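To start, the structure itself, in structure tokens.
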There are 2 protein chains.
Amino acid sequence: MNKEILIEVHKTIEPYIHKTLVLTSQAINAIAECELFFKCENFQKMGAFKMRGATYAALQLSDEQRIKGIVTHSSGNMAQAVSLAAQSLGIPAYIVMPENAPQVKKDAVKGYGGIITEVRSTIEARQAAADEIVTDKGAHFIHPSNDMDVILGQGTAAYELLSDHNNLDYICTPVGGGGLLAGTALNAFYFGEGCKTIAGEPFNADDAYRSLESGVIEKNDTADTIADGLRTHLGDINFPIIQQYVDKIIRVEEDEIINAMRLIWERMKIIIEPSCAVPLAAIIREKASFKNQKVGIILSGGNVDLGNLPF
Amino acid sequence: MNKEILIEVHKTIEPYIHKTLVLTSQAINAIAECELFFKCENFQKMGAFKMRGATYAALQLSDEQRIKGIVTHSSGNMAQAVSLAAQSLGIPAYIVMPENAPQVKKDAVKGYGGIITEVRSTIEARQAAADEIVTDKGAHFIHPSNDMDVILGQGTAAYELLSDHNNLDYICTPVGGGGLLAGTALNAFYFGEGCKTIAGEPFNADDAYRSLESGVIEKNDTADTIADGLRTHLGDINFPIIQQYVDKIIRVEEDEIINAMRLIWERMKIIIEPSCAVPLAAIIREKASFKNQKVGIILSGGNVDLGNLPF
């Protein structure tokens, strides 16, 4: 890995994505007692940063691979991202989704032309269904987080954030499957001037925290968290990057996630999904560590089921 | 009135307000079949355009008037705006609010140091309470919409929108008391190149539409609309401006307002209040008239009671 590769990745996907806004809020700075820079990936195409990784991965396929299409499994946003990326390249997208995924996300996948297979909400069931599609259709599997092209694509949000604000002390992301966190950490290492990468994670799905403690990839027996994008675990490609480049993971309670989500809705007037509120919850929980520092937060997505809000 | 006055008004309040973003949405353009430019006053200080008018009016007071403070009556946003404008100038603010105003707005007024008097939800009761405060405290009354300084202040949102996009065919605002509409129409006339000003109004509170038809200021017997900021009627200062400079008012049904609100929440990932969705509802309702035109919309505010949403 080097700087030039990361610059090239950004250049490759730039025509296909939005360069999202960075917003600030004096009211939230006052509460968090530091200076926050929110990279608004909720304004990204299809409403989440996953568009970046899906697009970069799809662009790496050969012409022959493109004809057969791509397949992924996802609790929601990667499903939409792969569908939209495939649609824009004119290739088929096969999407394995857990049957309990929010309806708004299923509808969006269909809207982007994705072909859905619904399965039980376990990682094993999802992977089995995806493997079957690979065998049957010859489609190329894109893992939602444990794929180097996906990791590189997700990292471009941090690349843009650091291009606009090169003096950040920290960048904080949520951690679920680990793709965004690993990609962010690489960009913070190469383009931040002493910028540390940290993550927020729900106590109720704290596999990444435990993985850093134990040195092996831990899983969640249960993952009863409102942050539905963060229920998955790390993979063998992103875990070593996270071990090497991530400073720490801060765990937060469910009520802290909901409070942070409400704070962003009420004070910033923007819609973010619960997973996306986890970094702010983490910063507020440990605010003594960040006092007067400049902290970038990747607001990862805004695809919320408005009929099912926690307030 | 002339261009120089409007430029001077903007220069006067510029240090006290945010220059808000202009956002676009390809998805909503496709639905509305025109090119929309959303001026995001939901991102304005205290969450609404009213900060502009309140600030400009407060800045016109003499030192002697400032000591005695300012008073207004408002269903919500002007209450917050006058409170915050007063707080930033270090002067007292007395706010008359209808007792059924959303709790989030009452809390915000208190947070900005405003002193609240609650009254029944009629225009007469509000005005009587405000008059009493003027007599008792010697405070200066700022009408939320029928005041030339307020009108000039509100118009600066359109001034900024036209500075960024000088080729708009239309600017559309909601119409309640008429301050925003009158101020917008003046700026569209002087700075738009053939730009017409139009407004959206609920059928259930269509006093402004009827006033333009009859040529006299009409009132609403009832005003049972979700667009709680639009229940008031025009005044003798803004009505002549609206008669002279406004092209037309389009009325919309309640379900059209809720659908437009949901569309903006889901597609743009931003929080707007119901009153604020009325212009988009109007454009979509009469979309044949706006086909392929460039239409600016003033998104007036984002102060919503999250515990009481229409979806």
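Each value in this text was obtained by applying a stated rule to the coordinates, not by laboratory testing. Note that this is a predicted model, so its numbers are computed, not measured. A quick note on method: Cβ atoms are made from the backbone with ideal geometry, for glycine too, and the neighbour counts reach across all protein chains shown.
How big is the Cα convex hull of the range A:50-145 in projection, averaged over all directions, in nm²?
5.1
Determine ³J(HN,Hα), in whole Hz, for all residues of the range A:79-91 in sequence, where each value follows from phi through the Karplus function 6.51 cos²θ - 1.76 cosθ + 1.60 and θ = phi - 60°; x replaces Gly and Pro.
Each residue of the range A:79-91 in turn: 4, 5, 5, 5, 4, 5, 4, 5, 4, 6, 9, x, 10 Hz.
Calculate log10 I(q)/I(0) of chain A for q = 0.10, 0.13, 0.14 Å⁻¹, where I(q) comes from the Debye formula with a single equal point scatterer on each Cα and nothing for solvent.
Taking Cα atoms of chain A as identical point scatterers yields -0.48, -0.85, -1.00.
Taking a point 7 Å out from Cα toward Cβ as the label site, list the nm distances between B:GLU286 and the same residue in every other copy, smallest first.
In nanometres, ordered from closest: 5.7.
May I ask what percent, to the nearest 5, of DSSP beta bridges between residues of chain B are antiparallel?
10
Using Cα positions and a limit of under 15 Å, work out the aspartates and glutamates in reach of B:LYS3, with same-chain residues fewer than 8 apart set aside.
Of all the aspartates and glutamates, those that pass the test against B:LYS3 - Cα under 15 Å, at least 8 places apart if same chain - are B:GLU160, B:GLU193.
Roughly how many nanometres apart are two label points built 7 Å out from the Cα toward the Cβ at A:GLN127 and A:ASP221?
The answer from the label model is 2.0 nm.
If the reach is capped at under 16 angstrom between alpha carbons, list the lysines near A:LYS68, excluding any in the same chain fewer than eight residues apart.
Within the straight-line limit of under 16 Å, A:LYS68 reaches these lysines: A:LYS137.
Assuming R0 = 35 Å, can you tell me the calculated FRET efficiency for the pair A:LYS287 and B:SER289, based on Cβ-Cβ distance, to the nearest 0.05?
It comes to 0.10.
Where Rh denotes the Kirkwood radius from the mean inverse Cα pair distance, what is Rg over Rh for the range A:169-295?
0.95
Got a sec? How would A:GLU14, B:GLU286, B:GLU124, A:GLU41 order by Cβ neighbour count within 10 Å, fewest to most?
Neighbour counts put them in this order, fewest first: B:GLU124, A:GLU14, B:GLU286, A:GLU41.
Tell me the distances, shortest first, between A:GLY113 and the same position across the other copies, using label points 7 Å along Cα→Cβ, in nm to one decimal.
Copy-to-copy label distances for A:GLY113: 5.8 nm.
State the percent of C-alpha pairs, over all pairs in the protein assembly as shown, separated by a distance greater than 49 angstrom.
Cα-Cα pairs in the protein assembly as shown separated by more than 49 Å: 17 percent.
Give me the net charge of A:PHE37's neighbourhood, meaning all other residues with Cβ under 9 Å from the Cβ of A:PHE37; Lys, Arg count +1, Asp, Glu -1.
Details: positive: A:LYS39, A:LYS294; negative: A:GLU35, A:ASP164.
Net charge around A:PHE37: 0.
Take B:VAL22, A:VAL175, A:VAL71 and order them by how many other Cβ atoms sit within 10 Å, fewest up front.
Least crowded to most crowded, the residues run B:VAL22, A:VAL71, A:VAL175.
Cα gyration tensor of the range B:147-205, axes a ≥ b ≥ c as square roots of the eigenvalues: rounded (a/c below 1.5), prolate (a/b > b/c) or oblate?
Note, shape of the range B:147-205 comes out oblate.
Counting other beta carbons within 10 Å of each residue's own, what order do B:THR173, A:THR20, A:THR72 fall into, fewest first?
Ranking B:THR173, A:THR20, A:THR72 by Cβ neighbours within 10 Å, fewest first, gives A:THR20, A:THR72, B:THR173.
Taking a label point 7 Å out from Cα toward Cβ, give me the nm distances from A:PRO240 to the same spot in the other copies, shortest first, one decimal.
A:PRO240 label point versus its equivalents elsewhere: 7.9 nm.
List the residues whose amide H sits under 5 Å from the amide H of A:LYS196, counting only those 5 or more places along or on another chain, with H placed 1.01 Å from N in the peptide plane.
A:TYR170, A:ILE171
As a test of the formula, what do you get for chain A when each DSSP H run with n ≥ 4 contributes -39,500 (n - 2.57) and the sum is divided by the residue count, at 222 nm and rounded to the nearest 500 deg cm²/dmol?
Calculated from helices alone, the mean residue ellipticity at 222 nm is -13000 deg cm²/dmol.
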